[in-house]
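This report refers to the structure that appears directly beneath it.
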Amino acid sequence: MFKFFNHIIASTWKETLLLRRDKAGLLVLFFMPAALVIIITLVQENIMELSGEKKSAILFLDQDHGQIATRLRQSLHDSKRVTLVELDGATVRRDEAIARVRRGDYQVGVIIPEGTSTRLEARIETLFAADAPSGKASDGDLILVYFDPGVLPGFRSGILAALQLATFNIEMELKVKALQENVAVLLAGQQMMMGGGGKKPDLGLTHLQENLLTISEEQAGSKREESAPSAVQHNIPAWALFGLFFTCIPLAGSLLVERNSGIWIRLMTMPISSVSLLIGKIIGYVGVCFSQILLIVLIGHFLFPTLGLPAFTINGHLVPLVVISLCCSLAACGYGVLLGSVCTSLEQASMFGSISIVITAALGGVLVPPYAMPGVMQRISGFSPLNWGLSAYQDVLLRGSSIAQISGDLCRLLAFFLVLLLISWWLNRRSQ
Amino acid sequence: MLDLKKQGKFPDNESFQWCHESMSAVASHSDRARSATIAIEVDSLVKIYKNATDPALNNFSLSVEGGSFFGLLGPNGAGKTTALSIITGLLAPDSGSVTILGLRLDRHLRQIQTKIGLVPQDLALYENLTATENLVFFGRLYGLAGRELQTEIDRCLEFTQLQEQRNRRVSTFSGGMKRRLNLSAGMLYQPDILFLDEPTVGIDAQSRQLIHERLTDLNRQGTTLIYTTHYMEEAQELCSHVGIIDDGRIIQQGRTMDLTRQQGFNNLNDLFFSITGKKLRDV
């Protein structure tokens, strides 16, 4: 066992030396994701706030069962910008609906609290009466909107605008209807007093401007733990992951150099296990991955504010983030080992590796968040290791999830690593 | 082997030849004596590669005496690399057996690997590491550390006259220097048997001469050398014994001088062509 660890240490030492000497390779590995994260974040910061074209799914919990819920439902449906997913307000509790949004199952949850319609109708009924008190909407007239902490500001603004328009229309329709009735009564009274030289009747038009239904915007997670969702909070982990997976190319190259020279033959005639050599190699490259992530986090934290962007924050989630980074690094290394086993030349590995990573990154939500993709693509996205990594990062950074809560994604990343290692081992064995 | 050498159980080449002749003369003791001095015993190896019509090795048998300088000669595609790969444990045969220093290869691979060294034809070096760093890495894999490792590295670098260049990266080395360092890496841990696959390909005359001298020294110190080459003059000069392989089996095997004389040739080159012919072997 001592020998085994000694071989791992020797292999790690050698790999670290080789990596340190490969200055051009390291420059690409560190410079490329750093440049990407800066440029893409700067570009997306505005675009994401302006866009909102995608038809979004909204979780709709009707605890009111009155005309507000019915009209809001109809209004949102008519807008054709959203798809409503109805929950039965009689059986599903508010907490459950919020939990589904917090988990990221849905990006938005709209809750119409019980009695909203009754209170609004009662309020409007007296609104245009001569003795009506001017007042603000009570708490009962709030329509609650919960957002997945992972959604970006542009999406949030779009949904809020749609909801505000819908509630405004409903409220205005009810007010106008009440006003019509009130006008008829007032006109009848005016006719009776005709010739009396009385003053013009007060129609109570100022009440039209009163806001009786208020959209209350909430985040579905615990506020203490969440970071404000922004392009920065999305892009730092996304592009860090993207760069991290590119380490598979030099790793594959290192394996190919050894295999295509006499080194592998020499190593295989030595009294050592190829597993210890591989572990040593992987440790070296995991070190590179961590250095990459650290660089990008530092850029996000210190450089971004100087460029007018919000600073990237980890909110004290260091341990889960290190665990995720380790799992992602292992997944990237597993892919590198597979590339090194399948490809026959460095050119092949570079070409195949870079194209496959860009595709996997696009599928995984690095370029466009998965919730903004068409349904089919969202399902395919679930098979991308970058999606597992990104989802785990966002769960921790934006939703404050614990390691246990992201264990599914972590297990998938580790399984990906192990399966690829096994395939590589089988391929090497077969080629021998 | 280290111990055997230190105990003087492996004589130098000349003594060994004398010893071998004596043993041959005493027929009744020959089997026991041979088993004590046979370094490599290969019995009826067969290897057929997938999708190949002809076997790469076809009942390949070979016996290499301990302390000999054995040249494995053959045209391209004759089966030299396959034979070497199987004997060094890189490749599994379809049938047949290999015994190295009295240990069956299929049962004692790890143990055998501590007793053999390999100098592959392709350079087995990390170009971006210095000469010393390369040797430190390979030495550590042999379990060497600290002062012992340093002493061994110094010995190997001195042996191949690379002490001055020890801290230079391999990428800055000439072809001859790389070949010498390749040999140094194979000599670490002082293997009992050193396999050399065309170790002088493409280098200048001076480096070749130095490698020849060093290999002869190494052999005198008791190391069994298995040497493949396409240069017949080289084999004639260096090898005490040769085996000529063609079509996957050994055609001729014996002491270099005896073989050429017995067949009535002046040199190994003529013998080689008489056995393998002059037809080009494009594989």
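The values are calculated or read from the model by the stated rules, or taken from the named source; none is laboratory data. This is a predicted model, so every value here is computed, not measured. A quick note on method: Cβ atoms are made from the backbone with ideal geometry, for glycine too, and the neighbour counts reach across all protein chains shown. To get the accessible areas, we keep the full protein, side chains included, count just its heavy atoms, and leave off ligands, DNA and RNA. Shrake-Rupley method; radii C 1.70, N 1.55, O 1.52, S 1.80 Å.
If DNA, RNA and ligands are ignored and the probe is 1.4 Å, what is the ranking of A:V145, B:V136, A:V342 by accessible area, most exposed first?
Order by accessible area, largest first: A:V342, B:V136, A:V145.
What quantity of accessible surface, computed with a 1.4 Å probe and excluding non-protein components, is buried in total between chains A and B, in Å² to the nearest 100?
That pair of chains buries around 2700 Å² in total.
On average, how many beta carbons from a partner chain sit within 10 Å of the beta carbon of a residue in A:264-277?
6
Would you calculate the separation in nanometres between label points at B:D94 and A:N260, each defined as 7 Å from the Cα along the Cα-to-beta-carbon direction?
The two pseudo-label positions are separated by 3.1 nm.
Residues of region A:1-28 losing 50 Å² or more of accessible area relative to the isolated chain, 1.4 Å probe, heavy atoms only?
In region A:1-28, residues shielded by partner chains: A:A10, A:W13, A:K14, A:L18, A:R21.
Over 24 Å between Cα atoms, which of B:K50/B:K115; A:K3/B:K80; A:K3/B:K115 qualify?
Where the Cα-Cα span goes over 24 Å, the pairs concerned are B:K50/B:K115; A:K3/B:K80.
Please report the antiparallel percentage of the DSSP beta bridges confined to chain B, to the nearest 5.
Once the DSSP bridges in chain B are tallied, antiparallel ones form about 55 percent.
Evaluate E = 1/(1 + (r/R0)^6) for A:I355 and A:K23, where r is the Cβ-Cβ distance and R0 equals 25 Å; express this FRET efficiency to the nearest 0.05.
0.50
Placing +1 at every Lys and Arg Cβ and -1 at every Asp and Glu Cβ, with all other atoms neutral, what dipole size does region A:222-375 have around its Cα centre, in debye to the nearest 20?
Value, rounded to 20: 160 debye.
What distance in nm separates the simple spin-label points at A:V275 and A:F383, each placed 7 Å from Cα in the Cβ direction?
3.0 nm
If I build a Gaussian network model for chain B, linking alpha-carbon pairs within less than 10 angstrom, which residue out of B:T99, B:T223, B:T172 has the largest mean-square fluctuation?
In the Gaussian network model the winner is B:T172.
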